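Have a look at the structure below before the remarks.
The values are calculated or read from the model by the stated rules, or taken from the named source; none is laboratory data. Predicted model, so just to flag it, every value in this text is computed and none were measured. Please note: Cβ atoms are built from the backbone with ideal geometry, for glycine as well, and neighbour counts cover all protein chains shown.
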Amino acid sequence: MEKLARLGLRTDPTIFFTSAGLMVLFLVALIIAPEMIGSIFAAGRSWVVTNLGWFFIFGVSFWLVFLLWIALSRYGNIRLGGEDDRPEYGVLTF
């Protein structure tokens, strides 16, 4: 942790060790019982698709409208890079 602090990265030990412990437990469960974990994930995915499909469609539609608004508004003309910078690739190449 001290090495991370010297690099300018602050880490809360409680959050770090809790999340690291949960990841280790998850990986151990995957190694020990992959079939059971697979069936749990399949049931969870089925529940999400059945009950939250509308939310997914709403979310994708919202982001599509938002990104189109950004692209077609005055913010779509903001130049990324310096005044004299030119793109490495053309529109068709990209």
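Observations on the model:
- One residue stands out among those in the stretch 5-61 that are among the aliphatic types (A, V, I, L, M) and outside any helix (DSSP H, G or I): the one that is farthest from the chain's Cα centre (by Cα), which is 33.
- Pairs with Cβ under 6 Å, 6+ apart, first in the stretch 16-32 and surrounded by 11 or more Cβ atoms within 10 Å (Cβ to Cβ), second in a helix (DSSP H, G or I): 29/37; 30/37
- Of the residues screened, residue 37 is one that is in contact with a Leu (Cβ under 8 Å, 6 or more places away or on another chain) and of a type in the set (A, V, I, L, M, F, W, C).
- Among residues of the stretch 71-94 that are part of a loop (DSSP other than H, G, I, E, B), none has a beta-carbon under 7 Å from a residue that is at pLDDT below 85 at least six positions away or on a different chain.
- Within the stretch 8-55, tally of residues that are among the hydroxyl-bearing types (Ser, Thr, Tyr) and touching a helix residue (DSSP H, G or I) at 6+ places or on another chain (Cβ under 8 Å): 1
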